[in-house]
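I have placed the structure first, in the form of structure tokens, so that the comments after it can refer back to it.
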Amino acid sequence: MSKIKPPRLLIEDWLPAAAIGVECMRERGSASALAPHTYLHIWWARRPLCASRAAVLASLLPADFPHEVFERLLGFGLPGKELVKIRQIMDTGYRVEGGFNCDRAFKRGLREDDLSKANKACKTVWGEHFSVIDPMAGGGSIPLESARLGFHTLANELNPVACSVLEATVDYPFRFGIELADKARKWAKVWLDRCEKRLAPFFPKKGFSLVHAYIYARTVPCPDTQFHTPLVPDWHLLKPKGSSLRVWAEPTVDKKRGIWSVEIIDSRKAKRTKEPPNATYNDGKGVSLFTGYQIPSDYIKAKAQSGEMHSALYAIAVKTPNGLEFQPPEPSDFKALAEAEAELKKFRPGWEKANLIPLETIPEGSKTGEPLARGIRNWADLFSARQLFAVGTLIEELKELRNEIVKSEGEEFGEAVVHLLAFIVDKFLNHNCNQTRFENTRGVVKGKMDRHDYAFKATYAELAPCVSGLGLAWAIDNVLEAYEEISKLTDSRKQIPVEISQGSATNLPHISDKSITAVVVDPPYADNVQYSELADFFYVWLKRTQGHRRPEWFSTYLCDHTEEAVVNVARHKKDGVPPKRRSVEPMNSTSDS
């Protein structure tokens, strides 16, 4: 670093904040508009790429750097003032023909002459060598944008799950480029074929239609009859916003035999107007189908704690040429579930011995109280029998395939392929556990992490990994498309991978004194996200798919819960002082990027 006192920096004097805000809105406007790193793998509170690039650039450039060049370097397709003006017109409700008529900022390429001006200006201020670090890098927005600018960049992160995300976001695209996705697709096809042969008997086909989702309800014994009764907060299967279309499951009860089934009512086909049945679960309380009496919330929790809460498949969503349709389960569906449960019992002892499925205990915490209160004690309990059998099969086949991949592709490149396949497992299990939900306004399965918690789901959905459905194929496409799109944002000829380290931001002994020019960081905010508690959901699986490659990251029982810089009053309950009276001392680090 230059010993000369640097001049005033751009970020201290000027920033087109309103225009940056417009571009951030464009980047986050819809699921289809999201930047690709956001759907590569779950990580929470990622910063928009445009804002991240602005923070890096403006922290290095002198205050007199030309504003129009800076805006082009941010990727603006129009001058900032014009972007803001168009947005203001849109906000009045007026339809602007062609919209902004330019691509989103993060997707636009960088002009060579603009990059040259920026590098020259930075070197004038800081000398020939300058470095940027994000010490709490999280999902990697800040280091990704710094590296795309061609700057020497370091990323540190406490959480091992985030470190794994960083590797695939700010390392592999620069080193391996899009070729890695091509190889991963080839091996994913081999993996899928092998899994399909094993899973075929347990996911029967539905004629020429593909299963979109299996929909389940939790059940508890009726207090009066002891027959299992479903807890359903809304019997609707489909009720699109702004449409008169309604599809719901109408329960039919045989009180003598203690069983129930459903009839599917579709407003497009119904011969008479009907209203959907009342909910049998609301605000923690239930209603018995067999008596109509209310079931107290304490009773439901007690049954869950004692292992008497079960689940029942009651509807199946299938994709047809006419759109999404629903049908009640058939005997073949119940037979497949029973056979999958029997198969799991056969394989589980061996899987447990080989440490293929996560039996780690769920710790007490701010967010984990929900599953613990309902008798879910370890991470494997977050999956139904068929779900756990399917994921266990994926893991087992991936482990066996790994040696073939490494032998064929070489250790470094081959392990990167396995890394992306491990992310596919994570993507699939996020949408295939008993914490998912079927969103009936859009007819989609929402992943476990669509919210930052482990809230109890009275009903949940299951994907068919293969054969009758395309759950695994969807996860393969989703992850590898994200990686491909990230690779397209980079230019490995001129950019270098980010240097990644794992550990607390309060102790970075591997970094030399006075070697960092700019620290650009978006730290965690209070109790907004409990990173380690949520990341444990993925950690226990990544430990089994990536622990061999990164033992220094995955050697602990679970993620580090004590060193992250978040407010978590659950950590202070054991000393007997009410949490609300405690002043929470600052801790160390994890990420919010």
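FYI, it's all coordinate maths here, none of it is from the lab. Predicted model, so just to flag it, every value in this text is computed and none were measured. Neighbour counts are summed over all protein chains in view; Cβ atoms, including those assigned to glycine, are modelled from backbone coordinates with ideal geometry.
Enclosing the Cα atoms of region 9-86 in their convex hull gives a volume equal to 97 cubic angstrom per residue. Taking the Cβ-Cβ separation of ALA338 and GLN226 as r and a Förster radius of 25 Å, what is the calculated FRET efficiency to the nearest 0.05? So, using R0 = 25 Å, E works out to roughly 0.70. Karplus-based coupling profile of region 116-121, in residue order and whole Hz: 4, 4, 5, 5, 4, 5, with θ = phi - 60° in 6.51 cos²θ - 1.76 cosθ + 1.60 and x standing for Gly or Pro.
Remark: C-alpha extents of region 178-489 on the principal axes read 64, 44, 36 Å, sorted largest to smallest.
Enumerate the residues in region 219-252 having an amide nitrogen under 14 Å from the point lying 7 Å beyond the Cα of ARG268 toward its Cβ. Residues passing the 14 Å test: 238-240, 243-248.
Site-free segments of the chain were taken between chymotrypsin sites (Phe, Trp or Tyr not before Pro) in DSSP loops having at most 10 other Cβ atoms within 10 Å, sites themselves excluded; the longest one is 209-593.
Within region 511-550, the proportion of C-alpha pairs whose separation exceeds 15 Å stands at 65%.
In plain terms, the bigger the Kirkwood radius, the slower the diffusion; for the chain, with that radius from Cα pairs, at 37 °C and 0.692 mPa s, Stokes-Einstein puts D at 125 µm²/s. Using 0.36 nm per residue and subtracting the Cα-Cα separation, the extra length available between LYS399 and ASP477 on full extension is 26.0 nm. Entry note, the chain: relative contact order of 22 percent, from Cα contacts under 8 Å with a spacing of 6+ residues. Note on region 163-225: Kirkwood hydrodynamic radius from all Cα pairs is 16.5 Å, rounded to one decimal. At full extension, GLU97 and LYS285 could sit 62.6 nm farther apart than now, given 0.36 nm per residue minus the alpha carbon distance. Could you derive backbone 3J(HN,Hα) for region 230-240 from the dihedral phi with the Karplus parameters 6.51, -1.76 and 1.60 (θ = phi - 60°), listing whole Hz in sequence and x where the residue is Gly or Pro? Values, residue by residue: x, 10, 10, x, 7, 7, 4, 9, 8, 8, x Hz. The GluC sites (Glu not before Pro) found in region 47-115 that occupy coil by DSSP, while having at most 12 further C-beta atoms within 10 Å, are GLU97. Less than 5 angstrom separates the built amide H of LEU9 from those of ALA63, all sequence-distant by 5 or more or on a different chain. Between LEU237 and VAL247, TRP248, ALA249, the built amide H atoms are under 5 Å apart, and every one of these is 5 or more places off in sequence or on another chain. Diffusion of region 206-363 by Stokes-Einstein, at 37 °C in a medium of 0.692 mPa s and with Rh set to the Kirkwood radius over alpha-carbon pairs, works out to 183 µm²/s.
Of all DSSP bridge pairs formed entirely within the chain, close to 80 percent run antiparallel. Calculation over all alpha carbon pairs of region 152-289 in 10 angstrom steps from 0 returns a P(r) of 8, 21, 20, 19, 19, 10, 2, 0 percent. In region 178-489, Cα pairs under 8 Å separated by at least six residues give a relative contact order of 26 percent. Global size of region 76-160: 17.5, 50 Å for Rg and Dmax (C-alpha atoms, Rg to one decimal, Dmax whole). In this simple spin-label approximation, ASP527 and GLU82 carry label points 7 Å from Cα along the Cα→Cβ vector, and these lie 4.8 nm apart.
Length available on full extension from HIS310 to SER116: 0.36 nm per residue minus the Cα-Cα distance, which gives 63.5 nm. Per-residue Karplus couplings for region 447-460, computed as 6.51 cos²θ - 1.76 cosθ + 1.60 with θ equal to phi - 60°, are listed in order as x, 3, 8, 6, 10, 8, 7, 10, 4, 4, 10, 5, 10, 8 Hz, Gly and Pro entered as x.
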